[in-house]
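Here is the structure we will look at.
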Ligand SMILES: Nc1ncnc2c1ncn2[C@@H]1O[C@H](COP(=O)(O)OP(=O)(O)O)[C@@H](O)[C@H]1O
Ligand SMILES: [Mg+2]
């Protein structure tokens with residue numbers, strides 16, 4: 001049988017990924033500089049040695065709050081930095097922290113940097129500080145984090161995602177929205193703006209605001225953005241389902257994906273402008289109930305359903321190992337789809353990904369990463385389980401806040 005991973009890697013002439021990573025006052029690292037190849041990178045070390053922190057740093061080369069969804073203030077290294085004279089940070093972190101990286105995208109090199117600093121909220125008399133994230137591309141500050149997606153893309157799997165199909169809808173929605181963003185860069189802006197408007201609307205209602213014009217204009221903006229968000233999600237789900245049907249994986253389970261949200265479902269049978277009208281009206285009607293039951297229906301409630309197709313089984317009823325395999329199926333489909341659609345490969349950040357996978361599936365995943373010629377940052381406490389990559393990966397050990 002033809003090796004489909006090898007065939008996919010031939011779609012692209014060049015590999016993509018990080019070639020140099022520099023951290024300044026990031027978590028347990030005062031300063032760290034890593035030069036790596038565009039190959040799988042296996043990071044091993046004891047619990048708490050700093051493996052996940054490195055993956056988290058790479059995830060900050062994408063918009064948002066990284067793979068832990070952390071508060072920006074929690075990332076700043078807790079112990080003050082002792083600056084060694086020969087270390088020149090690529091970005092001066094000042095009173096905050098910084099991650100910078102040289103990346104390759106299809107043979108072209110770019111420098112991406114992000115820096116988070118404390119700033120004073122001027123309008124606030126209490127002089128509270130807040131964390132501000134600044135993004136630079138080739139030394140130039142850019143106005144929107146979503147610009148990063150033109151140069152770099154990362155897909156992560158973390159131990160927290162072992163419960164992705166079981167718990168509340170929010171982590172599944174974020175997971176879905178990150179996939180949508182990978183294909184449609186505007187999506188990160190849309191979801192961030194929606195969240196911002198929603199908070200404003202909610203706070204106004206909570207404060208007893210009766211200003212119809214003000215509330216109405218927020219509802220109008222939310223409805224327009226919400227319908228755009230729902231439409232982008234629908235497009236992505238259709239794209240991935242078609243891809244999975246055409247290119248089923250030979251090892252990982254075949255899946256089908258479904259959206260479960262009022263606005264997304266209405267777009268099946270109504271024109272977008274009519275759905276927008278409906279949404280605006282629905283927000284207006286919910287003004288009174290929102291404070292009573294803290295529930296507002298809309299795109300901020302949409303769920304994302306995954307089915308194990310051959311078994312006709314919803315993901316939440318599958319075994320823990322099967323759920324992990326379903327997750328791998330999704331990210332492999334996303335990876336290949338991105339390679340075709342965007343013309344460059346995403347970087348995989350796989351934190352303890354081998355947990356719950358049987359030996360055969362673990363080896364199959366590692367071989368697929370190798371054959372797709374991806375850069376994948378993979379963490380584990382054990383090195384011997386990566387034997388199939390012994391000639392292909394860079395093996396690093398993490399110890400005492402250093403990487404060897
Ligand atoms: N802001 C911070 N400053 C300093 N150390 C931190 C900060 N946040 C987390 N740490 C520490 O970083 C260490 C390494 O964490 P992590 O990368 O998650 O380890 P692991 O190797 O198990 O993945 C932990 O001991 C954690 O307490
Ligand atoms: Mg970890």
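Of note:
- Any hit, the stretch 10-26, residues being in contact (Cβ under 8 Å) with a residue 12 or more places away in the chain and near ligand 1 (Cβ under 9 Å from one of its atoms): yes
- Test: residue in the stretch 355-362 that is within 16 Å of ligand 2 (Cβ to nearest atom), in the same structural domain as residue 12 (by TED's automatic domain parsing) and touching a residue at least 12 places away in the same chain (Cβ under 8 Å): yes
- Top-ranked residue in the stretch 27-40 [being touching a helix residue (DSSP H, G or I) at 6+ places or on another chain (Cβ under 9 Å) and outside any loop (DSSP other than H, G, I, E, B); ranked as farthest from ligand 1 (Cβ to nearest atom)]: 34
- Across the stretch 150-164, the qualifying residues are those that are away from ligand 2 (no atom under 16 Å from the Cβ) and under 11 Å from the mean Cα position of the chain (by Cα), and the one among them that is farthest from residue 55 (Cα to Cα) is 153.
- Of all residues making up the stretch 41-63, the number that are in contact with a helix residue (DSSP H, G or I) (Cβ under 7 Å, 6 or more places away or on another chain), part of a loop (DSSP other than H, G, I, E, B) and more than 23 Å from residue 14 (Cβ to Cβ): 2
- Remark: pairs (first residue in the stretch 33-54, farther than 11 Å from residue 19 by Cα and more than 16 Å from ligand 2 (Cβ to nearest atom); second residue modelled with pLDDT of 95 or more and outside any strand (DSSP E or B); Cβ separation under 8 Å; 6+ apart in sequence or on different chains) = 40/366; 40/369; 40/370; 40/374; 40/375; 40/389; 40/392; 40/393.
Yes/no per residue for (1) buried (at least 19 other Cβ atoms within 10 Å of the Cβ); (2) modelled with pLDDT of 95 or more:
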| site | (1), (2) |
| --- | --- |
| 241 | no, yes |
| 252 | yes, yes |
| 264 | yes, yes |
| 275 | yes, yes |
| 288 | no, no |
| 302 | yes, yes |
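- From 62, 84, residue being more than 16 Å from ligand 1 (Cβ to nearest atom) and modelled with pLDDT of 95 or more: 62
- Residues that are surrounded by fewer than 20 Cβ atoms within 10 Å (Cβ to Cβ) and in a helix (DSSP H, G or I), drawn from the stretch 371-389: 371, 384, 385, 387, 388
- Within this structure, residue 278 fails the test of being without any contact (Cβ under 8 Å) to a residue 60 or more places away in the chain and not in a helix (DSSP H, G or I).
- Within this structure, residue 332 fails the test of being modelled with pLDDT of 95 or more and either in contact with a strand residue (DSSP E or B) (Cβ under 9 Å, 6 or more places away or on another chain) or more than 19 Å from residue 177 (Cα to Cα) (or both).
- Of residues in the stretch 148-170 being assigned to a helix (DSSP H, G or I) and within 16 Å of ligand 1 (Cβ to nearest atom), the one farthest from residue 57 (Cα to Cα): 162
- Candidate set: the stretch 10-29, residues that are buried (at least 19 other Cβ atoms within 10 Å of the Cβ) and away from ligand 2 (no atom under 16 Å from the Cβ); chosen: the one farthest from residue 75 (Cα to Cα): 15
The values are calculated or read from the model by the stated rules, or taken from the named source; none is laboratory data. This structure is a prediction, so every number in the text was calculated from the model and none was measured. Heads up, the Cβs are rebuilt from the backbone with ideal geometry, glycines too, and the neighbour counts pull from every protein chain shown.
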